[in-house]
Amino acid sequence: MTTPIKRLMGAAAMLLLLTSAAAASDDYPNRPVRLIVPFPPGGSNDVVGRLIAKQLSEELKQQVFVDNRGGAGGSIGTENCATSPPDGYTLCIISIAHAVNPWLHKLKYDPIKSFVPITILATGPNVLVVNPESPIKSVKDLLEMAKANPGQLNYASAGVGSFQHLGGELFKLMGGVNIVHVPYKGGGPAMQDVVAGHVKIMFSSLIQTTTLIKSGQLRALGTGGAKRSPVLPDVPTIAEGGLPGYVADNWWGIVVPAGTPAAINDKVYKATQAALKAPPVVAQFDREGAAVVTMTSEEFTNYIKGEIAKWERVVKEGNFKAQ
């Protein structure tokens, strides 16, 4: 007699759970939504996060605010997302660092299982820049100077395993040069020191750097895309400038904690797709040299898995060490 009763109670509990989840998704969002950017203000993740947060606020009819939580190559903020309630009120920006961190840090979350990838947002190349007072005027100049002065030139990055770091190490490996890596706690602080002249070189995200290049605060030597950027048409690619085959592109996307109801994920996905089509977002991405990309949740999940596998080899062959 007890077994049917227990089954009935279990079914009732499940029905209540499903009903509650459905009610929560119908009402979502009824309060502000947090968008974690796992890097300090000023870097490309922050630029993308703030742009998307502003438009998502309009699409969701509720405030979406940015919460910068930098540290450990983005893994601290990403962990905070993984351990947050799966209720749709915590979103997180991820980028190429998400695919590199598993090979650099002892993570307290699984880069795939701990999240539901909502969608990719955009991709964009890096750009090799120097302080305007530097005598280096081209990619060829940099290669020649680096070969003549091994270990004497420095380049700044957002930290070990960041997009800036990966772009710099790829340049070193392909060019056969020794340029010393100077890691910072985010792309913003790194860029500030390059503009100030404390460090002369950076392989920055184009989306973070375009305004500084056009204002003359930085000199662009080359962009890292397969072809020239439409926002800097007179700047050659790094491959054109003297390092054939060099390509370095970053990407950004949105994830939520695993267990977030599917109905809420669908709302966030639809709102994000609408945001990516909004004229202000399209215009800013165009101005900054980034390209909007469309993927389903499943496609983005497979994309992240591919990126994790790809960068394992680079990190291990480059002998990267977390700091």
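Every number in this text was worked out from the coordinates using simple rules, so none of it is lab data. The structure displayed is predicted, hence computed values, not measured ones. For neighbour counting, all protein chains shown are included, and Cβ atoms are generated from backbone atoms with ideal geometry for every residue, glycine included.
Note on the chain: GNM, Cα springs under 10 Å; of LEU128, LEU142, LEU173, the largest mean-square fluctuation is that of LEU173. Based on Cα contacts under 8 Å between residues 6+ apart, the chain shows a relative contact order of 26 percent.
Taking a quarter of the surface of the Cα convex hull of the chain, what do you get in nm²? Dividing the Cα hull surface by four gives the mean projection, 17.6 nm². Counting other Cβ atoms within 10 Å, which trypsin sites (Lys or Arg not before Pro) in the range 276-323 have at most 12 and lie in a DSSP loop? Passing sites in the range 276-323 are LYS321. What translational diffusion coefficient, to the nearest whole µm²/s, does the range 168-298 have by Stokes-Einstein, given a Kirkwood radius computed over alpha-carbon pairs, a temperature of 20 °C and 1.002 mPa s viscosity? D = 125 µm²/s.
In this calculation the C-beta distance from ALA322 to ASP26 is compared with R0 = 51 Å, giving a FRET efficiency of 0.70.
Here the Gaussian network model covers the chain, with springs between Cα atoms less than 10 Å apart; of ALA190, ALA226, ALA275, ALA226 fluctuates the most.
I want the local charge near THR211. Using Cβ-Cβ distances under 11 Å, sum +1 for each Lys or Arg and -1 for each Asp or Glu among the other residues.
In short, +1.
A simple spin-label model places pseudo-atoms 7 Å from Cα toward Cβ; at ALA226 and LYS147 they are separated by 2.8 nm.
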